[in-house]
Structures are given as C-alpha cells and as structure tokens.
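The values are calculated or read from the model by the stated rules, or taken from the named source; none is laboratory data. Everything numeric in this text was worked out from a predicted model, so none of it was measured. Neighbour counts run over all protein chains shown; Cβ positions are idealised from the backbone, glycine included. For accessibility, only protein heavy atoms count, side chains too; no ligands or nucleic acids. Shrake-Rupley method; radii C 1.70, N 1.55, O 1.52, S 1.80 Å.
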Amino acid sequence: MRRFGLPIVCFAALAACDPVSLIETAEGVDEPEISCATRPEQGCNFDRSPLRVLPEPVTIPPRAYQFFPTADSLTFIDSRGRSWVAPRRTLTDGASIPPIFVSIVGDPTSREFINAATVHDAYCGIGNENGANFHNGRWEDVHIMFYDALVAGGTDKTRAQIMFAAVWLGGPRWRTSRDL
C-alpha cells in the first residue's frame with residue numbers, strides 16, 4: 001500500500017491545479033477563460049496532423065525515452081489566434097510522462113498528446129536549445145498553449161488539466177527580455 005501512496009498524493013496535487021485560475025493570473029485579467037476547451041471555434045487546430053517523425057532516434061541521457069526529429073514543421077493556432085510553430089527536425093519524445101505515471105496518464109506518444117507535446121518541445125524541450133523558437137515567449141504562455149493544444153488534440157479535459165498542472169508545477173521556467 002505504501003508504494004502507491006506517493007503517486008496517489010502527487011496525482012491528487014496535480015488534479016487540484018486549475019488551469020483557469022492560472023491562465024487568469026498569468027495574464028492578469030479577470031475575464032472568463034478563453035481556451036480551446038471553452039471556445040474551440042477560436043482557432044484551436046494543427047496543420048500537418050498527425051505528426052510524422054523521421055526514423056532517426058536520438059538518445060538524450062538521462063531521459064527515459066528516445067527522441068525523434070519531426071519530418072515537417074507543425075503549427076498550432078491557439079484559442080487567441082496565436083501561431084505556435086515546431087520547425088522541421090524539432091526533437092520530441094512525446095509527452096514527457098515519467099514512467100511511473102504512464103499507467104495513469106497514458107502512452108507519451110498517444111495520438112491525442114503527440115502534437116501538443118511536439119509544439120511545447122519546440123519552445124522548451126531538451127534537445128531543442130538551438131531551435132528557432134526555443135524560449136521564444138514567456139514560460140507561462142508556452143505552458144498555457146500546451147493545455148490548449150492538448151484539448152485541441154482530443155485529450156479529455158480532466159487529463160489535459162492533470163498534464164497541464166504537471167508542466168506548470170514541474171516544467172521548465174525561464175526569463176525573457178520583458179522580465180528583466
């Protein structure tokens with residue numbers, strides 16, 4: 001029973017993370033949530049979907065999964081009309097789900113996760129540090145885009161919220177020139 005205690009506590013903490021309040025806080029607004037969950041007609045789509053990767057596996061220690069470069073660029077339009085681009089050859093391992101949580105969240109390369117994870121990787125994923133869009137924007141906006149992209153990709157809202165919470169709480173953070 002003890003070996004399940006920590007994952008259950010972590011899962012409960014992540015489930016309590018509310019994207020709506022974080023989105024409003026990050027943007028400093030007190031208006032209703034605008035996201036692909038509430039306004040899918042406001043863009044919320046990918047070009048060149050489903051994602052195609054090249055058969056050129058890349059190992060990045062100590063990561064649990066192999067990475068693959070994208071065969072084409074992938075663009076996501078979020079609910080606010082902003083374009084997010086993962087250029088051709090962006091490295092992705094899918095959704096970077098720790099192996100212990102795969103049974104709860106799902107396969108990192110699931111069809112509903114892969115596009116969102118790839119665009120997110122272009123902006124803050126390991127192996128993409130020299131990419132055109134790496135850290136191009138505020139970390140808060142990049143993580144909010146991930147939530148929108150998950151929903152647009154077909155991830156159910158609860159699972160998208162859990163994955164968003166994991167990225168918001170444990171994902172990369174960086175400063176932009178606006179933060180200095």
* Within segment 29-50, tally of residues that are modelled with pLDDT of 55 or more and closer than 25 Å to ARG138 by Cα -> 15
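Yes/no per residue for (1) more than 21 Å from VAL85 (Cβ to Cβ); (2) modelled with pLDDT of 95 or more:
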{"site": "PRO108", "(1), (2)": "yes, no"}
{"site": "ARG111", "(1), (2)": "no, no"}
{"site": "ILE114", "(1), (2)": "no, yes"}
{"site": "ARG159", "(1), (2)": "yes, no"}
{"site": "ILE162", "(1), (2)": "yes, no"}
* Taking ALA166 as the residue in question, decide whether it is in contact (Cβ under 8 Å) with a residue 12 or more places away in the chain, touching a Gly at 6+ places or on another chain (Cβ under 8 Å) and outside any loop (DSSP other than H, G, I, E, B). => no
* Only one of GLU140, GLU112 that is in a helix (DSSP H, G or I), open to solvent by 30 Å² or more (accessible area, probe 1.4 Å), among the acidic types (Asp, Glu) and in contact (Cβ under 8 Å) with a residue 60 or more places away in the chain -> GLU140
